[in-house]
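The values are calculated or read from the model by the stated rules, or taken from the named source; none is laboratory data. Predicted model only: the values in this text are computed from it and were never measured. Heads up, the Cβs are rebuilt from the backbone with ideal geometry, glycines too, and the neighbour counts pull from every protein chain shown. Side chains are part of the model used for accessible areas, which takes the heavy atoms of the whole protein and leaves out ligands, DNA and RNA. Shrake-Rupley method; radii C 1.70, N 1.55, O 1.52, S 1.80 Å.
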Amino acid sequence: MATYTPPAPTTSTTSTRERKPSTSAPISDFTSPVGPPGMTRPKHKRTVTGFGPGEIKNVEASVPEEQREAWKKFSAKEFKTKDQFEEEVVRHIETTLARSLFNCDEAAAYAGTALALRDRLIIEWNRTQQQQTFADPKRVYYLSLEFLMGRALDNAILNVGMKDVARQGLEELGFRMEDVISQERDAALGNGGLGRLAACFLDSLATLNYPAWGYALRYRYGIFRQEIVDGYQVEVPDYWLDFNPWEFPRHDVTVDVQFYGGVRKYMDDSGKQVSVWEDGEIVTAVAYDAPIPGYGTRTTNNLRLWSSKASHGEFDFTKFNSGEYEASVADQQRAETISAVLYPNDSLDRGKELRLKQQYFWCAASLFDIVRRFKKSKKAWKEFPNQVAIQLNDTHPTLAIPELMRILLDQEGLEWDEAWNITQNTFGYTNHTVMPEALEKWSVPLVQHLLPRHLQIIYDINLQFLQYVERNFPKEREMLSRVSIIEESEPKRVRMAYLAVIASHKVNGVAELHSDLVRTTIFKDFVKIYGPDKFTNVTNGITPRRWLHQANPRLSELIASKLGGHEFLRDLNLLHKVEAFVDDKEFRKEFREIKYANKVRLAKYTKEVEGITVNPSSLFDIQVKRIHEYKRQQLNIFGVIHRYLELKDMSPEERKKMQPRVSFFGGKAAPGYWMAKMVIHLINQVGKVVNNDKDIGDLLKVVFLSDYNVSKAEIITPASDISEHISTAGTEASGTSNMKFVLNGGLIIGTCDGANIEITREVGEDNIFLFGNLSEDVEDLRHHHFYGDFQLDPSLKRVFDTIRSGTFGDAGPFSGLVDSIVDHGDYYLVSDDFKSYVDTQKLIDEAYKDQEAWLTKTITAVSRMGFFSSDRCIDEYAEMIWNVEPLPPPKQNGA
């Protein structure tokens, strides 16, 4: 439970915890003049969480002119020149790090540079927050369990327009920019496309000047750092917080979050029933803030991360003195597990409880913060949806819905109808999957045990909703069980996606096919109940600042040279002008050289990190993404084995005619996902055999790039010739890596799934390689596997026989992978799409031999990717869902 303690004491049926004042801004109440004669000090109290707009004006007016002038005179100012940058870097190295000219290594140079850039960001960050407080506009709050941010330094330098200044300054100090940037560890706040989309959205929100905050958890050890040992994935902690200059601990911004306990109900003096959630366990959420700079603007938004700690301190002296040493820190350790790891293994009941605990802890702290900020405006509660737009990025933050209802009902005393109207008009829900098994469901006993008041509210929401359905569809009673938030299983379960749909004013999918499937499959009944207008589509996008300008600077500069500047980084639709240069000899020559240089860079990285030598003249075939059966890395590696067997069957003369290829894989499997881990093991075992086969040589190499993350993606993405987006049709909501690869001059082999369809429409069917069955045929094919005459393709059967023969090591671990296709229904249609897949790969080989035609395809594809910008996405969300306006920063010094 998040409790709010107002300045004046109040009476309450539950005890309240007094919040400690800021240690960095102590509360002072001077009763007599201090300082020089004639100067008085205003007798106002500073609040640890800032003032509302009216209060700021009053406080500013109460501060004597001399003090204001002195403050302005010595206010921090941004560095603007190379010399000022160097001065800041050296100052931080010598004073903050206590290093000198003689012991400053690259790590210290990174730290000094990061701190100098951070200081610059903070100045703009403070201005942005002050401006937003004064203007008091409607704000967007983006709740995502993941924010896959990547490295911050390069992005910050780029967005504030100081890349050349920093590069020249570091060179004068004796360091290469690339070496300094490489010292930074990726922020371990996400795993897959969900988190990277959220990070792109934060970049676009700031770039487009929308007032917005992101909210997530501050995972101490990330999801995990992936190591490959004997071909198997091994999870080890990711100690990314050892040095993180990009966050600011807000020890004065804390929220007490309640778990367990019970609910007591009583009638107050007016005869109204009051619910009080009491007893249980309290865990404290501590805020950590990270600035998010926009590109080409001074707007710097905020990402607030919550860390968990024991509410009564981290150390029990009494237990320690009595010899209970482990018990003396047990409460702190138990509390800290909440924000320790992203997606703790939920194969055990304790893991499920920890996941649910994580989700509520994050939602409760975030809602407390959002409500506190709104209450400072002193506006009526009916204005809440006009000031606040909360976007739920998938079902993980759905508990924010009953939490807001609890705040409005139990703490603010609103009636149900008013509270529900506010809630519905505040929330929007983005769905990211149509696979029923991936839609979150929590057992009712677990929710009852952990969050008893929230379960009551969920049941009340469900009752009101089902009564509404029954009134409007009296002859369709069977619909009630289909749309109920409570699934009548054993045990009963709370369907979080249904709760999100019912409580949101807009529900969106993330690609046209996906949104269509949302309306016609998983939420079909809800479309009938609410009508089609509640459901919309916002096709995903990516930020071109990171995924073109930062990841592929030479290509970005080439495009800028032809378009007359970098305006395309703010309006990606301008890329269409590049198509005019598709036949320009100099442009083609430079484009080809950039691609080759990027492949050389990836080849060097592969040799240094994985110890595998690859030829950059080969076709680079890349599939890097979260390892999951529906993404079908197994189809890819089966295709690689098929290619290997075909090459082995050939004579040396025949092999010389074949196109050399390197198959790159990368991605993490969830710790409890055994099948995905076996896919990783098979890839590595195949690589071990293929890469050491002297008959094959450079004709085929297989590389698994370990510990895939954003900074590695920035090396991998620009180097692709072909990238694989081969999910079973109808299972991938959108995908964004497909967009990144094409934007960087790589073509796609893919199914008619997710955003592949819209990419095809934009770039043209001649510039993409599609294969496989369509989504409308999937269910019939699955049915046929069980009840029809199911026959394996002979080539795939040979692949399976080779695996079973022990060619790639002990076949035992791979039996589940093979049996899932042969004996257990082949749910993801690997067997159905295999022949189409390998035939399409042969078409790619042939097309790649004509390098001039291939180059034309890639340039054309790049020029037609303007639609897939996250800036376009954010403008669509702002107009269709959030109803918010940009708040441009005020002009300064005639700028």
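Values computed for the structure shown
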quantity	calculated
Alpha-carbon radius of gyration plus Dmax, which is the widest Cα pair, for region 565-710 in Å	18.4, 54
Listed residue (A187, F147, M177) projecting farthest to the positive dipole end of region 135-224, Cβ model	F147
Residues in region 91-115 reached by a label modelled at Q168 [backbone nitrogen below 19 Å; 7 Å Cα→Cβ]	113
Where Cα atoms sit under 23 Å apart: lysine pairs in region 497-596 separated by 8 or more or lying on different chains	12
Mean projection area, nm², convex hull over Cα of the chain	43.3
Mean residue ellipticity (222 nm) of the chain, computed from DSSP H runs ≥ 4 via -39,500 (n - 2.57), nearest 500	-13000 deg cm²/dmol
Carbon/sulfur fraction of accessible area - region 229-359, other protein chains in place, 1.4 Å, %	51
Selection from P890, I122, V830 lying farthest towards where the dipole of the chain points positive, charges on Cβ	P890
Peptides 250-262, 584-596, 862-874 ordered by average Cβ neighbours within 10 Å, highest first	862-874, 250-262, 584-596
Linear extension gain, V236 paired with E418, 0.36 nm per residue minus alpha-carbon span	60.7 nm
Region 764-878 - percent of accessible surface contributed by carbon and sulfur, probe 1.4 Å	51
Reach of K72 by Cα under 19 Å, taken over aspartates and glutamates that are not fewer than 8 positions away in the same chain	E60, D119, E124
Calculated P(r) of region 616-850 - Cα pairs past 31 Å, %	18
Net charge over other residues, Cβ less than 13 angstrom from the Cβ of S836 (K, R count +1; D, E count -1)	-2
Candidates per trypsin sites (Lys or Arg not before Pro) in region 378-448, loop by DSSP, up to 12 other Cβ within 10 Å	K378
Descending semi-axes in whole angstrom, ellipsoid equivalent of region 123-242, from the Cα gyration tensor	29, 24, 11
Residues in region 754-784 reached by a label modelled at D516 [backbone nitrogen below 14 Å; 7 Å Cα→Cβ]	754-761, 774-778
Å² per residue, accessible surface of the chain at 1.4 Å	42
Helix 794-804 axis, angle to the chain major axis (alpha carbon atoms, nearest 10°)	70
Cα centre as origin, Lys/Arg/Asp/Glu Cβ charges: the chain dipole, Debye	1880
Degrees between helix 778-787 axis and first principal axis of the chain (Cα, 0 to 90, nearest 10)	60
Candidate aspartates and glutamates for bridging to K138, where Cα separation is under 12 Å - those fewer than 8 sequence places away on the same chain excluded	E383, E885
Extension reserve of the T81-N883 stretch, reckoned as 0.36 nm per residue once the Cα distance is removed	284.8 nm
Estimated distance in nm for a label pair at S481 and R127, the labels positioned 7 Å out from Cα along Cα-to-Cβ	6.3
